[in-house]
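One structure below.
The values are calculated or read from the model by the stated rules, or taken from the named source; none is laboratory data. The structure presented is a predicted model; accordingly, all values stated were derived computationally and were not measured. Note that each Cβ is placed from the backbone with ideal geometry, even for glycine, and that neighbours are counted across all protein chains shown.
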Amino acid sequence: MSGVDWDEDDPFEEQREEIENPMKRLFLEYGSNYTGAAIVGVIASFFARILDLLPALMLGVAIDAVIRQDVPYAEAFPVGGGLVGPYVPDGQMAQFWLTIGIIASAFLLSAGFHWTRNWGFNTFAQNVQHDVRTDTYDEMQRLDMGFFADKQTGEMMSILSNDVNRLEKFLNDGMNSLFRLLVMVVGIGGLLLAINWQLALVALLPVPLIAVFTSLFIRTIQPKYAEVRSTVGKVNSRLENNLGGIQVIKSSTTESYESDRVEDVSREYFDANWGAIRTRIKFFPGLRVLAGIGFVITFMVGGLWVTQGPPGPFTGDLSTGMFVVFILYTQRFIWPMAQFGQIINMYQRARASSERIFGLMDQPNRVGEEPDAPDLEVTEGRVEYDDVSFGYDAEPILEDIDFSLEGGETLALVGPTGAGKSTVLKLLLRMYDVDEGEIRVDSQRVQDVTLRSLRESLGYVSQDTFLFYGSVEENITYGTFDADREAVIEAAKMAEAHEFITNLPEGYDTEVGERGVKLSGGQRQRLSIARAILKDPDILVLDEATSDVDTETEMLIQRSIDDLAEDRTTFAIAHRLSTIKDADQVLVLEGGEIVERGTHEELLENGGLYSHLWGVQAGEIDELPQEFIERAQRRQARTEAGDD
């Protein structure tokens, strides 16, 4: 199983710490593309909330002017009475029906504006979410392989899924609630001041306390949410790792061990999340207490005012209808203030997520290209390695690799495990960049040409065969999407795959399952070879391309590969030395250096490492020198210790 240290810090912590104003960046880089939808949502929200205030106001007017008839209808309005006056009919019942008509119209118009508001905010949020997710994935997949070697798949999935979804929650619900709160607070505050500015000051007493309380909450909850997001990534990584290795877990009967490991990371997430929850569940009831105190004081002062006259230092009159309006508005004013904490809660979650998203986006890419880089033009297919050295994280892997291969020739790389054979070929593909030296194709430095043209010129068959979820044909045509069925079948025949494909339930349309789980290792490898054959590359790279097939199938595939490689430059890595004995050149690597070079026959005559490896495969173990056996034991020990 993986040797990842699950107690390590967030792998994106260094980048996250360098992100300044992540929410500002989110709105400027992505939100600005959809300002029209956001503006529609804001304007519709404004009118919807204003209309929401009208029924309560009309109730107060009806109490004073229609039911109690204490004042004329137009004068019952705290604001705008002069505008209403000319349209007020005479008679109590006519005014009663007018009130009903205004209230009903307010509800209908409000519903329309609410629909428009939801359309605007949802359009804004969904588009931003889509753009952020696709851009984050695009940036991530362009990073060098060193990045993926250091990061867990579950951690990146957590960012692309959970963190991006959390942004949508704030951009839709959070912003919607924020503008609702602003309109309600400003609108209600203005009406309360217009109705009775003295009583309004009483209603507004809790506001400063709520502001201070909210500020304390923000400072406390922000680091807790960052910790929660980090632990979510660890949980996802552990689950992804275990599900991918479920066959090993079952065959090793380590279910209990893995359950304990999942429980450990789940407990870490539980503790972090529960810490944030404890802060939240203290904050929101506290806000409600402050809001409730304000409501009680307002009701007490207003009630005394209506029943006994202005209490204490207060002056003026307060009608029954306006007192009812005041109480209704006060409740609708205080509770949105309390809900401000929920908006802050969503904002802090979104901020923590945006830090992780931009932290992933801003990962440095050690393999790039110049904006005006030309395309690679392969004419002869000559490949040169000029004193190439490379290392992972300052640990040397390859030193002074120097060779040239003429177009149409085949070069084989052999050597013990961990010698650096696969790394040599990955440098040609620019999965990594060399630390020193140069790699050239037809005198063009691979660093100077576009990555796309370089990799399109190379056909790569890895020892780690990967198939995508989909049909057999979709996997063969991957990267050559415009190929027709006839070309696919021809490629499959050359890879010795056509016969087994036709025996599948649906032939070339058979679904292979996730990672090709429905096929054997040898079948998956043959589909990978067919994919490379269909690409018809200028340069062919075979990294143990027949490692998962039986000897008979290997013979058939090797015959097809020989035909394919006849007129193109070919690199081949193979532990079975019989498959590369006809190569034009053989390089023997040990410890990241070329220790022997020549043809198969020349190397056998030299009696060096190659001849000993050949002896191992020929079953001549008793004839091997003791020095070779001791070196093999040391290499194996280093490999098991993770040093190679």
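P537 fails exactly one of the following numbered conditions: (1) in a loop (DSSP other than H, G, I, E, B); (2) over 22 Å from G381 (Cα atoms). What is the number of that condition?
(2)
For the range 338-382, which positions are farther than 30 Å from R455 by Cβ and of a type in the set (S, T, Y)? Give the steps one after another, and end with the answer.
Step one: of the range 338-382, the residues farther than 30 Å from R455 by Cβ are 338-355.
Once the filter is applied, which keeps residues that are farther than 30 Å from R455 by Cβ and of a type in the set (S, T, Y), the range 338-382 yields Y347, S353, S354.
In the range 561-593, what count of residues is obtained for those that are assigned to a strand (DSSP E or B), polar (S, T, N, Q) and touching a helix residue (DSSP H, G or I) at 6+ places or on another chain (Cβ under 9 Å)? Outline the logic, then answer.
First, pick out the residues of the range 561-593 that are assigned to a strand (DSSP E or B): 569-573, 585-590, 593.
Restricting the remaining residues to those that are polar (S, T, N, Q) gives 569-570, 585.
Keeping just the survivors that are touching a helix residue (DSSP H, G or I) at 6+ places or on another chain (Cβ under 9 Å) gives 570.
The total comes to 1.
Kindly provide the set of residues from the range 463-472 that are buried (at least 18 other Cβ atoms within 10 Å of the Cβ) and either among the small types (G, A, S) or at pLDDT 90 or above (or both), ordered by number.
none
Just for the range 250-270: of the residues that are touching a residue at least 12 places away in the same chain (Cβ under 8 Å) and of a type outside the set (S, T, N, Q), which one is nearest to V212 (Cα to Cα)?
Y269
Looking for something touching a Gly at 6+ places or on another chain (Cβ under 6 Å), within 19 Å of E544 (Cα to Cα) and of a type outside the set (D, E) - is there at least one such residue anywhere in the range 410-420?
Let us first name the residues in the range 410-420 that are touching a Gly at 6+ places or on another chain (Cβ under 6 Å), namely 420.
Then keep just the ones that are within 19 Å of E544 (Cα to Cα); that gives 420.
Then drop every residue that is not of a type outside the set (D, E), which leaves 420.
Checked the range 410-420: at least one residue is touching a Gly at 6+ places or on another chain (Cβ under 6 Å), within 19 Å of E544 (Cα to Cα) and of a type outside the set (D, E).
Being within 30 Å of I50 (Cα to Cα) and touching a residue at least 60 places away in the same chain (Cβ under 8 Å) narrows it down to one of L171, L193, L182, so name that one. Show your work before the answer.
Numbers: L193 fails: touching a residue at least 60 places away in the same chain (Cβ under 8 Å); L182 fails: touching a residue at least 60 places away in the same chain (Cβ under 8 Å).
Matching residue, one of L171, L193, L182: L171.
Suppose the filter is farther than 30 Å from M361 by Cβ and either among the small types (G, A, S) or surrounded by 14 or more Cβ atoms within 10 Å (Cβ to Cβ) (or both); does A37 pass it? First the steps, then the outcome.
Numbers: farther than 30 Å from M361 by Cβ: no; either among the small types (G, A, S) or surrounded by 14 or more Cβ atoms within 10 Å (Cβ to Cβ) (or both): yes.
Spelling it out, it is not the case that A37 is farther than 30 Å from M361 by Cβ and either among the small types (G, A, S) or surrounded by 14 or more Cβ atoms within 10 Å (Cβ to Cβ) (or both).
Which condition number in (1) within 38 Å of the chain's Cα centre (by Cα); (2) under 22 Å from L609 (Cβ atoms); (3) hydroxyl-bearing (S, T, Y) is the one that T410 fails?
If we test T410 against (1) within 38 Å of the chain's Cα centre (by Cα); (2) under 22 Å from L609 (Cβ atoms); (3) hydroxyl-bearing (S, T, Y), just (1) comes out false.
When only residues in the range 369-425 that are of a type in the set (S, T, N, Q) and assigned to a loop (DSSP other than H, G, I, E, B) count, which is farthest from E436 (Cα to Cα)? Lay out the reasoning, then the answer.
Step one: list which residues in the range 369-425 are of a type in the set (S, T, N, Q), which gives 379, 389, 404, 410, 417, 422-423.
Those still in the list that are assigned to a loop (DSSP other than H, G, I, E, B) too: 379, 417.
Values: T379: 26, T417: 23 Å.
Applying the filter and picking the extreme gives T379.
Where residues in the range 507-518 are of a type outside the set (D, E) and modelled with pLDDT of 80 or more, which of them is nearest to the chain's Cα centre (by Cα)?
First, pick out the residues of the range 507-518 that are of a type outside the set (D, E): 507-508, 510, 512-513, 515-518.
Next, only the ones that are modelled with pLDDT of 80 or more stay: 507-508, 510, 512.
Details: G507: 35, Y508: 33, T510: 30, V512: 26 Å.
The selected residue is V512.
State whether the residues of the range 438-455 include one that is on the phi > 0 side of the Ramachandran plot and either surrounded by 15 or more Cβ atoms within 10 Å (Cβ to Cβ) or not in a loop (DSSP other than H, G, I, E, B) (or both). Talk me through it step by step, then tell me what you get.
Step one: filter the range 438-455 for residues on the phi > 0 side of the Ramachandran plot, giving 442-443.
Checking which are either surrounded by 15 or more Cβ atoms within 10 Å (Cβ to Cβ) or not in a loop (DSSP other than H, G, I, E, B) (or both) leaves us with 442.
Within the range 438-455, one or more residues are on the phi > 0 side of the Ramachandran plot and either surrounded by 15 or more Cβ atoms within 10 Å (Cβ to Cβ) or not in a loop (DSSP other than H, G, I, E, B) (or both).
Does L577 meet the test of being aliphatic (A, V, I, L, M), more than 19 Å from I401 (Cβ to Cβ) and at pLDDT 75 or above?
On the way: aliphatic (A, V, I, L, M): yes; more than 19 Å from I401 (Cβ to Cβ): yes; at pLDDT 75 or above: yes.
Answer is yes for this residue.
Going through F170, F213 one at a time, which residue ends up being touching a helix residue (DSSP H, G or I) at 6+ places or on another chain (Cβ under 7 Å) and farther than 30 Å from F124 by Cα? Give the derivation first.
Numbers: F170 fails: farther than 30 Å from F124 by Cα.
Being touching a helix residue (DSSP H, G or I) at 6+ places or on another chain (Cβ under 7 Å) and farther than 30 Å from F124 by Cα holds for just one of F170, F213, which is F213.
Looking at (1) touching a residue at least 60 places away in the same chain (Cβ under 8 Å); (2) more than 22 Å from V207 (Cα to Cα); (3) not in a helix (DSSP H, G or I), which is the only condition D317 fails?
(1)
N236: farther than 30 Å from A276 by Cα and either β-branched (V, I, T) or touching a helix residue (DSSP H, G or I) at 6+ places or on another chain (Cβ under 7 Å) (or both), yes or no?
Details: farther than 30 Å from A276 by Cα: no; either β-branched (V, I, T) or touching a helix residue (DSSP H, G or I) at 6+ places or on another chain (Cβ under 7 Å) (or both): yes.
Spelling it out, it is not the case that N236 is farther than 30 Å from A276 by Cα and either β-branched (V, I, T) or touching a helix residue (DSSP H, G or I) at 6+ places or on another chain (Cβ under 7 Å) (or both).
Residues of the range 379-404 being buried (at least 22 other Cβ atoms within 10 Å of the Cβ) and touching a residue at least 60 places away in the same chain (Cβ under 8 Å), which ones?
Correct list: V383, L398, I401.
Looking at the range 541-551, can you tell me whether even one residue there is modelled with pLDDT of 85 or more, surrounded by fewer than 16 Cβ atoms within 10 Å (Cβ to Cβ) and hydrophobic (A, V, I, L, M, F, W, C)?
There is no residue in the range 541-551 that is modelled with pLDDT of 85 or more, surrounded by fewer than 16 Cβ atoms within 10 Å (Cβ to Cβ) and hydrophobic (A, V, I, L, M, F, W, C).
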